[in-house]
Amino acid sequence: MEDAGFDRAQAAALARQVGLDFGAALTVALAYIGDRLGLFKLMAAGEALTAQQIAQRAGLNERYIREWASTMAAAGYLDYRAADETFRMTREQAMVLNREDNTYFTGGAFQYAVACYRQIGGLMDAFRAGGGVPFSAFGSEIIEAIERLFHAGYEAWVADQWIPAAPELKAKLDAGAEVAEVGCGAGQCIVPVAAAFPNSRFTGYDVDAASIARARAKAAHAGIGHRLVFEHAAAENIPAADRFDLVMAFNCIHDMAHPRAALSTIRRALKPGGILLWSEADASDRLEDNLTPIGRTMYGASTMHCMTVSLANGGEGLGAVIGEGLARELAREAGFAGFERLPVKNPYHQLFAVRK
Ligand SMILES: C[S@@+](CC[C@H](N)C(=O)[O-])C[C@H]1O[C@@H](n2cnc3c(N)ncnc32)[C@H](O)[C@@H]1O
């Protein structure tokens, strides 16, 4: 029975959307399998292959591969040619799904989503009782997922666009500066930035020991271990005072249990005239402006990961959706003298230069 005033068209449109979301959720899980079992890698050369050939080369079960490849073709992740029943990955599909060295690559998203799904029991407990799911519970996959989501962007943007956007910074780093990154994760940003500025010295801080271990290995591999050290420390506990010309904090202040204390410590660790470069997802302060497809990704990641890891540590649970207004307010409260949103165009981040 339908109530008077029931809008059939609206209900039908929402049901269609939920149906699409349902298919998208299943596609994400199966794309994760393609990523983890090396199927995207195997297809990346662009060769047209039958399901049987894919299965043989991968050493996997053919029946599963046929169903998997059909899902991927229906999703637009692979092309299908009916004439010879082959599947093929185009160059563009390979850029997005396989080639980790470019900013179109989004393979880390499948890994991130599945790592979050795995914690859904703990998350529901937190909905009931408060608290959260600690970062460490998400395991090594979340560290790798975040690294894979962001490293190509940091390699492309930070040294070439973000640091030069605050003109005096580039000159300082070229000449030789003291630089820190807080919440450095697996070193996805600080390692390429350190490589780009050979006269400067770098210190990466993260509260997660497994991330720091991965970052150290990455720096050693890049051969810059002598200019780049890592410390297993929370941003709010950095002991240094008046030491750094630049502190970078990308996509991490909102994850922190005590972001206000962290900002205040960062201010103290900066030299007079030093700058905090701070990025957050490009969101508005107003919920009504964020009711978009990208907004749902931000609030979704925040609920399932960013906010819950902060609340798990008795933290503030700021959440991943921070607009310029709140960032400005937090910087002011921490005692910073200047705050400016830098005019960099970016598909994901908004970038603030905050002066001591
Ligand atoms: C979403 S990840 C971002 C990593 C990296 N900055 C990036 O953008 O790819 C957030 C990172 O902040 C770290 N973190 C959380 N709280 C922290 C704190 N209080 N001090 C330092 N790092 C912290 C986490 O361990 C994690 O590595």
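The values are calculated or read from the model by the stated rules, or taken from the named source; none is laboratory data. If you're wondering where the values come from, they're calculated on a predicted model, not measured in any experiment. Glycine also receives a Cβ, built like all others from the backbone with ideal geometry; neighbour counts cover every protein chain displayed. Surface areas here come from the heavy atoms of the whole protein model, side chains and all, with no ligands, DNA or RNA. Shrake-Rupley method; radii C 1.70, N 1.55, O 1.52, S 1.80 Å.
Listed values, structure above:
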{"read-out": "Extension gain (nm, one decimal) between residue 128 and residue 79, 0.36 nm per residue minus Cα-Cα", "value": "13.2 nm"}
{"read-out": "Rounded to 10°, Cα long-axis angle of helix 324-333 versus longest principal axis of the chain", "value": "30"}
{"read-out": "Distant-in-sequence amide H partners of residue 244 (H built 1.01 Å from N, under 5 Å)", "value": "270, 271"}
{"read-out": "For the chain: accessible area per residue (Å², 1.4 Å)", "value": "48"}
{"read-out": "Label-zone membership for region 132-151, site residue 36, 7 angstrom Cα→C-beta point, backbone N under 13 Å", "value": "139-142, 145"}
{"read-out": "Translational diffusion coefficient (Stokes-Einstein; Kirkwood radius from C-alpha pairs) of region 96-222 at 25 °C, 0.890 mPa s, in µm²/s", "value": "153"}
{"read-out": "Spacing of the two label points (7 Å from each Cα toward its C-beta) at residue 52 and residue 15, in nm", "value": "4.2"}
{"read-out": "Of 39, 291, 277, the one that fluctuates the most in a GNM where the chain has Cα springs shorter than 10 Å", "value": "291"}
{"read-out": "Sequence-distant residues sharing a close amide H with residue 230 (under 5 Å, placed H)", "value": "204"}
{"read-out": "Förster-model FRET efficiency, 25 Å R0, residue 341 and residue 229, C-beta, rounded to 0.05", "value": "0.20"}
{"read-out": "0 to 90° range, to nearest 10: angle between helix 209-222 axis and the chain longest Cα axis", "value": "90"}
{"read-out": "Point-to-point label distance, residue 285-residue 100, nm (Cα→Cβ direction, 7 Å offset)", "value": "4.0"}
{"read-out": "Radius of gyration and Dmax over the Cα atoms of the chain, both given in Å", "value": "22.4, 75"}
{"read-out": "Of all DSSP beta bridges in the chain, antiparallel share, percent nearest 5", "value": "45"}
{"read-out": "Straight-distance crosslink candidates among lysines, where the alpha carbon sits under 22 Å from residue 170 and sequence neighbours closer than 8 are dropped", "value": "271, 345, 356"}
{"read-out": "Two-site FRET efficiency, residue 294 against residue 24, from Cβ-Cβ distance with R₀ of 22 Å, rounded to 0.05", "value": "0.90"}
{"read-out": "Alpha carbon centroid spacing (whole Å) that separates region 270-319 from region 43-99", "value": "37"}
{"read-out": "Helix axis angle, 139-157 relative to the chain longest principal axis, alpha carbon, degrees", "value": "70"}
{"read-out": "Dimensionless Rg ratio for region 57-101, taking C-alpha atoms and the 2.2 N^0.38 Å reference", "value": "1.20"}
{"read-out": "For region 8-99, alpha-carbon Rg and Dmax in angstrom", "value": "14.7, 49"}
